[in-house]
1. Roughly how many nanometres apart are two label points built 7 Å out from the Cα toward the Cβ at E108 and Y131?
2. Could you please put F369, F171 in sequence from largest to smallest accessible area, using a 1.4 Å probe?
3. Take S311 and E359, extend 7 Å from each Cα along the Cα→Cβ direction, and tell me the distance between the two endpoints in nm.
4. Which value, in Å², gives the accessible area per residue of region 7-74 when a 1.4 Å probe is used on the protein heavy atoms?
5. Would you compute, from DSSP H runs of 4+ residues alone, the mean residue ellipticity of the chain at 222 nm, taking -39500 (n - 2.57) per run and dividing by the full residue count, rounded to the nearest 500?
6. Give the accessible surface of region 188-274 per residue, rounded to a whole number of Å², with probe radius 1.4 Å and ligands, DNA and RNA excluded.
7. Greater than 27 Å separation of Cα atoms is the criterion. Which listed pairs, K42/K225; K36/K225; K42/K376; K146/K225; K111/K342, meet it?
8. So, with a 1.4 angstrom probe, what is the percent of accessible area on the chain that is carbon and sulfur?
Amino acid sequence: MPTPIYIIEEQKLRRNLALIAGVAAKADIEVILAFKAFALWKTFPIFREYIHATTASSLFEARLAYERFGAPAHTYSPAYTDEEFDEIVGCSSHLTFNSLSQYERFHERAKGCSLGLRVNPEYSEVGTLLYNPCAPGTRFGVTSDKLPETLPQDIRGFHCHCHCESGADVFERTLAHIEEKFAGWFPQLEWINFGGGHLMTRKDYDVDLLIRLMQDFHQRYPWLKVILEPGSAFAWQTGPLVSHVVDIVEDKGIRTAILDVSFTCHMPDCLEMPYYPDVCGAEHVSGDSENSGISGQTDFLYRLGGNSCLSGDFMGYWHFDHELQVGEEVIFEDMIHYTTVKTNMFNGVRHPSIGMLHEDGKLEILREFGYEDYEKRMD
């Protein structure tokens with residue numbers, strides 16, 4: 001097995017897909033895959049057994065939907081460009097504009113697409129500003145005070161995205177704000193897209209509440225088709241990133257296990273969000289090495305460091321039940337959603353391979369990366 005490697009587990013992926021398909025059927029909604037969180041196209045034949053569409057935010061994602069998923073995309077971009085717009089239209093079934101000015105500039109060239117506007121309810125419970133699309137000064141969406149009383153004739157839908165790995169209770173509160181701000185325009189629409197961030201495959205997610213919310217919404221607005229486009233929910237807890245210890249260094253009493261992966265290159269959300277990933281066989285410890293809160297059991301306490309030249313390419317601390325050795329595996333759980341699409345080749349650090357563990361227990365290597373991949377990016 002080439003390492004480091006992301007491993008997506010087919011059994012866990014199908015578990016998530018089955019749950020999502022069940023929610024879509026019971027709630028009478030369409031749930032589609034957002035490529036911004038998951039775009040491993042060699043798994044698309046499995047996805048096509050459960051869902052029928054995807055969402056794109058760029059020309060390349062739209063092409064991936066059309067060429068690899070086999071269906072035109074529901075496309076939204078903060079700003080379309082003259083050079084790419086016509087090709088995006090050719091790969092899209094739905095096309096959402098971020099602003100009225102973008103609509104005015106491009107809508108006549110979007111023939112064949114069902115057109116929408118992104119709206120901003122000015123309410124979100126996302127605590128991290130980096131991920132909050134309703135933060136003050138946001139560049140996303142049109143607020144209700146800027147919408148004309150009568151929408152342009154070719155606008156068919158609204159798109160509203162203001163969640164991030166949120167629960168159904170958050171959606172319930174957000175939905176009240178969306179209706180308060182925008183329900184007056186609903187009679188002019190055919191569809192509404194409530195965006196991503198609905199983490200319905202998380203163990204503590206109230207799936208029944210989500211279904212009830214959507215059923216009740218249909219009672220109030222029976223003519224509106226409802227779309228959700230989560231990304232994380234599809235690949236949530238479907239596989240790890242497997243790394244190895246390549247060295248152990250110590251300074252000022254802090255021991256760092258340097259790995260053959262990088263947080264900034266291969267797990268950027270850990271630094272951006274930030275959050276501490278689950279590490280197999282280890283317990284995350286808050287504080288520093290002198291005040292670790294583990295009653296003096298600091299013999300096997302390590303900070304985990306990435307193999308790049310960025311000074312802050314580390315996280316810690318984790319307590320293991322043994323002394324780490326060079327060559328030993330360190331496994332980061334739940335590293336398929338977002339992580340795989342946000343990687344980079346900074347510093348020329350070796351990019352992890354991608355594999356799929358099939359239901360029969362066989363590991364298929366989907367992709368390995370080499371020097372040529374780095375060289376071509378710089379060409």
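1. Roughly 4.2 nm, to one decimal.
2. Result of the area sort, largest leading: F369, F171.
3. Result: 5.2 nm between the two label points.
4. On a per-residue basis, 42 Å².
5. Values: 12 runs with 97 residues, N = 379.
Dividing the helical sum by the residues of the chain leaves -7000 deg cm²/dmol.
6. Per-residue value: 38 Å².
7. Working: K42/K225 30 Å; K36/K225 23 Å; K42/K376 22 Å; K146/K225 24 Å; K111/K342 32 Å.
K42/K225; K111/K342, as the Cα separations exceed 27 Å there.
8. C and S fraction of accessible area: 48 percent.
The values are calculated or read from the model by the stated rules, or taken from the named source; none is laboratory data. As the structure is a computational prediction, the values presented were derived from the model and not from experiment. A quick note on method: Cβ atoms are made from the backbone with ideal geometry, for glycine too, and the neighbour counts reach across all protein chains shown. In case anyone asks, the SASA skips ligands and DNA or RNA and just uses the protein heavy atoms, side chains included. Shrake-Rupley method; radii C 1.70, N 1.55, O 1.52, S 1.80 Å.
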